[in-house]
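Working notes, structure below.
What follows is calculated from the coordinates using simple rules that are stated; it is not laboratory data. Just so we're clear, the structure is a prediction, and the values are computed from it rather than from any experiment. Note: ideal-geometry Cβ built from the backbone for every residue, glycine included; neighbour counts use all protein chains shown.
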Amino acid sequence: MSARVLVGVKRVIDYAVKIRVKPDRTGVVTDGVKHSMNPFCEIAVEEAVKLKEKKLVKEVVAVSCGPQQVQETIRTALAMGADRGIHVEVSGKDYETLGPLQVSKILAALAKKEQADLIILGKQAIDDDCNQTGQMTAALLDWPQGTFASEVNIEADKLKVVREIDGGLETIKINLPAVVTADLRLNTPRYATLPNIMKAKKKKIANVKPADLGVDVSSRLEVLKVDEPPQRQAGVKVETVHDLVGKLKEAGRI
Amino acid sequence: MNVRHYTPRQQIALFHFVIILQKLKGHEEVNPETPYTSDTVGNPGAAPPRLPFSRVTQEDLAFFRTLLPGRTITDPDLLKSSNVDWLKTVEGNSEVLLRPKTTEEVSQILRYCNERNLAVCPQGGNTGLVGGSVPVFDEIILSTSLMKQVITFDNISGILTCQAGCVLENLSNYLEERDFIMPLDLGAKGSCHIGGNVSTNAGGLRLLRYGSLRGTVLGLEVVLADGRILNCLATLRKDNTGYDLKQLFIGSEGTLGVITAVSILCPRKPKAVNVAFLGCSSFQQLLETFQCCRGMLGEILSAFEFLDASCMSLLEKHLKLTNPITESPFYIVIETAGSNATHDEEKLHKFLEEVMTSSLVTDGTVATEATKIKALWSLRERVTEALTHEGYTYKYDISLPVEKIYDLVQDMRGHLGDMAKNVVGYGHVGDGNLHLNITSPSKDPALLAAIEPYVYEWTSKWKGSISAEHGLGLKKRNYIYYSKPSEAVALMGSIKAMLDPKGILNPYKTLPDNIH
């Protein structure tokens, strides 16, 4: 198959880091904080690489939008097996206000430019939890979408996607080209092994600006404030079962 | 009996001989004063008969209850977990657990126990591996679990002062928020107390970079056997005024005094931490990788650990962890810690390229993100846990010349043959410290007899230590002669007699039985 897959990867604050709200409450502290690839994006990359290993697609292209540092994230995707990368340069204020709408416009433009047959994204990013980019990209391209995918199979010219939904699992068949968003159980991302890390250094990352793609990255949203969640109250130790029952009654639990 | 002039092997033989003599004289019945332990009577690792300490009376309990209201535990259910060690191989029958909150309370407890001739077993997180942290008989358990205050922290000098019952992981979290870290780290961090770490001179995963507690501990507050409080809680880097008493208590396993507070020098939190997990096809190549690592990563190297293929299969089998690279006979965990991520990555990548192209290393992976780093470290840190699922584990913590480390594992495999289910090796290879573990479905005296004293004689032959970092506790006290000359042990006995004339502090531990 001559298919080309576009995989979007987002650089986010590492999931193990303790998040701090900035003193001016305009956002969270990102300076000097450990960042890494969004876990759902890792799963997306893994799926794309798997498809290539099964010879169902020919080329995997990793894309990320942001400042210089996102090149690290693209390199990680390359080390996992992507063939080349595209760095869409967005920095400063534009980067702070970059959201799903702008990113999906960028991805749609790139998909057309690169003649992609399939776009795989993580279902959502762990920093904003928007869960919108995949859906918006599909809409802009007028492509079908298989979101919350826990299984993806290419059968003839169609995509069979098993989706995780509230009631259980839903299996759909959609035409290619399509957009798929990866859910947790789709796969377990591989560790990038040394030989691949070395090879990745030689792979190309192209630089592109949103303007080159005809995309306006200004935001229509304004963040008013960011607050910490309410502090968790300490538990109370009781001496006897009597006390426990009393306290539960007080709290209106029984 | 003066055993000073015999070799270790002869001393142990004499020990056995004495036991046999006793048996012949008619002491055949199991002595009710000898508690149940993992080993059979006549084995140097088993407990000796109970020494003539007083027994706890109602009056004693009344005293403790007045001193520590609500913190004098006598409920057998609550006492159970404090009477058994983490490995579940040693069990005592203490009937009293005390939980002081202050140094003053500890002082009053010890003064009272010393007058009454009541034995005391100090206990921190109870994570020790040589049976040193639990009572052997009915010793009163003195727990530091409520002494968990941080006293001061100076963020210019990095000197932390805290009570002995602070859990290591909590201290790490406290420090990390202030941009510092503890100078030591070990698998037991979620449970162990800093007081226990200091009493056992714990080594751990960062010793390679930050040195031992003997260098990083700046001061101690200790309560002596008679209740006197020795406050040497200096917070000075340099202080050459008289004998350095704290060094006596570091590593003394609670037998010379009870540590109640510690002041320790903490390093800055590194800005960039990387972990590489590598596979080697032979131990020789592992050693050469170490050489290369030292040369190319020198100043940023913070850990160099290894595990063998047997360890990896146990991790996969019992803990369902995944091997991130292709199967290899040996695995290395390398950690770098530095102040500049770009510089460190460059050094690390150059090193990795070098060892890959020269085929010293057959495969590997690198992590910079916190989650992945944790995942890679768990492959080394959880081996101990995986082993507990295999039945009964015989643990040996040996220091050897680095080149000889794996020879011991291979010789042991050959020597034991089918008797053992698993013989695995892992540990702080960078420090010359091997953790040799042998498992069998259940405890097996015949297997133990095949392992000991073979393993100790092997170690002694290469002038190694029979306990690199775990200490002697109950299980290894009588093997001290394999690593220390009798003059040294005799002097230790004199110091013990001077500081604790009645011998109430953690009896039956650390020093050999024949010291009396």
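Tabulated data
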{"quantity": "Failed condition for B:Lys320, given (1) on the phi < 0 side of the Ramachandran plot; (2) within 14 Å of chain A (Cβ to nearest Cβ)", "calculated": "(1)"}
{"quantity": "Elements of type strands (runs of 3 or more DSSP E) contained in the stretch A:1-40, each with 1 or more residues being within 17 Å of A:Val63 (Cβ to Cβ), among the hydrophobic types (A, V, I, L, M, F, W, C) and more than 14 Å from every other protein chain (Cβ to nearest Cβ)", "calculated": "A:4-8"}
{"quantity": "Residues satisfying the stated conditions in the stretch A:172-184, i.e. of a type outside the set (S, T, N, Q) and assigned to a strand (DSSP E or B)", "calculated": "A:Ile172, A:Lys173, A:Ile174, A:Ala178, A:Val179, A:Val180, A:Ala182"}
{"quantity": "Residue list for the stretch B:236-268, restricted to those being surrounded by fewer than 17 Cβ atoms within 10 Å (Cβ to Cβ), in a loop (DSSP other than H, G, I, E, B) and not aromatic (Phe, Trp, Tyr)", "calculated": "B:Leu236, B:Arg237, B:Lys238, B:Asp239, B:Asn240, B:Thr241, B:Gly242, B:Asp244, B:Leu245"}
{"quantity": "Set B:Gly414, B:Gly364, B:Gly432: member being touching a Ser or Thr at 6+ places or on another chain (Cβ under 7 Å), surrounded by fewer than 23 Cβ atoms within 10 Å (Cβ to Cβ) and not aromatic (Phe, Trp, Tyr)", "calculated": "B:Gly432"}
{"quantity": "Among residues of the stretch A:185-217, those that are in a helix (DSSP H, G or I), of a type in the set (A, V, I, L, M, F, W, C) and more than 14 Å from every other protein chain (Cβ to nearest Cβ), counted", "calculated": "3"}
{"quantity": "Test for A:Lys173: is it within 14 Å of chain B (Cβ to nearest Cβ) and not aliphatic (A, V, I, L, M)", "calculated": "no"}
{"quantity": "Checklist (1) within 22 Å of A:Asn131 (Cβ to Cβ); (2) in contact with a Lys or Arg (Cβ under 6 Å, 6 or more places away or on another chain) applied to A:Ala77, failing item", "calculated": "(2)"}
{"quantity": "Condition broken by B:Tyr508, with the remaining ones in (1) outside any loop (DSSP other than H, G, I, E, B); (2) out of contact with any Ser or Thr (no Cβ under 7 Å at 6 or more places or on another chain); (3) surrounded by 24 or more Cβ atoms within 10 Å (Cβ to Cβ) satisfied", "calculated": "(1)"}
{"quantity": "Matching strands (runs of 3 or more DSSP E) fully within the stretch B:331-445 where at least 3 residues are away from chain A (no Cβ under 14 Å)", "calculated": "B:392-399, B:422-428, B:433-440"}
{"quantity": "Residue that is farthest from B:Leu97 (Cα to Cα) [pool: residues in the stretch B:136-167 that are surrounded by 20 or more Cβ atoms within 10 Å (Cβ to Cβ) and among the polar types (S, T, N, Q)]", "calculated": "B:Thr161"}
{"quantity": "Checking A:His242 against (1) surrounded by 10 or more Cβ atoms within 10 Å (Cβ to Cβ); (2) in a helix (DSSP H, G or I), the condition it does not meet", "calculated": "(1)"}
{"quantity": "Filter pass, B:Asn514 being over 26 Å from B:Leu379 (Cβ atoms) and either touching a Leu at 6+ places or on another chain (Cβ under 6 Å) or of a type in the set (S, T, N, Q) (or both)", "calculated": "yes"}
{"quantity": "Failed item in (1) more than 19 Å from B:Glu253 (Cα to Cα); (2) charged (D, E, K, R); (3) under 23 Å from the mean Cα position of the chain (by Cα), with B:Glu139 passing the rest", "calculated": "(1)"}
{"quantity": "Residues within the stretch B:207-222 that are of a type in the set (A, V, I, L, M, F, W, C) and not in a helix (DSSP H, G or I), tallied", "calculated": "4"}
{"quantity": "Verdict on B:Glu305 being in a strand (DSSP E or B), among the acidic types (Asp, Glu) and either more than 12 Å from every other protein chain (Cβ to nearest Cβ) or on the phi > 0 side of the Ramachandran plot (or both)", "calculated": "yes"}
{"quantity": "Residue within the stretch B:418-425 that is polar (S, T, N, Q), in contact with a helix residue (DSSP H, G or I) (Cβ under 7 Å, 6 or more places away or on another chain) and closer than 30 Å to B:His389 by Cβ present", "calculated": "yes"}
{"quantity": "Positions within the stretch B:104-128 being buried (at least 24 other Cβ atoms within 10 Å of the Cβ), in a loop (DSSP other than H, G, I, E, B) and of a type in the set (A, V, I, L, M, F, W, C), in sequence order", "calculated": "B:Ala119"}
{"quantity": "Inter-residue pairs, beta-carbon under 7 Å, first without any contact (Cβ under 8 Å) to a residue 40 or more places away in the chain and in the stretch A:16-39, second hydroxyl-bearing (Ser, Thr, Tyr), 6+ apart", "calculated": "A:Ala16/B:Thr371"}
{"quantity": "Candidate set from the stretch B:279-308 (those that are of a type in the set (Gly, Ala, Ser) and surrounded by 16 or more Cβ atoms within 10 Å (Cβ to Cβ)); member that is farthest from B:Thr388 (Cα to Cα)", "calculated": "B:Ser302"}
{"quantity": "B:Thr289 in a helix (DSSP H, G or I), within 14 Å of another protein chain (Cβ to nearest Cβ), over 26 Å from the mean Cα position of the chain (by Cα) and on the phi < 0 side of the Ramachandran plot", "calculated": "yes"}
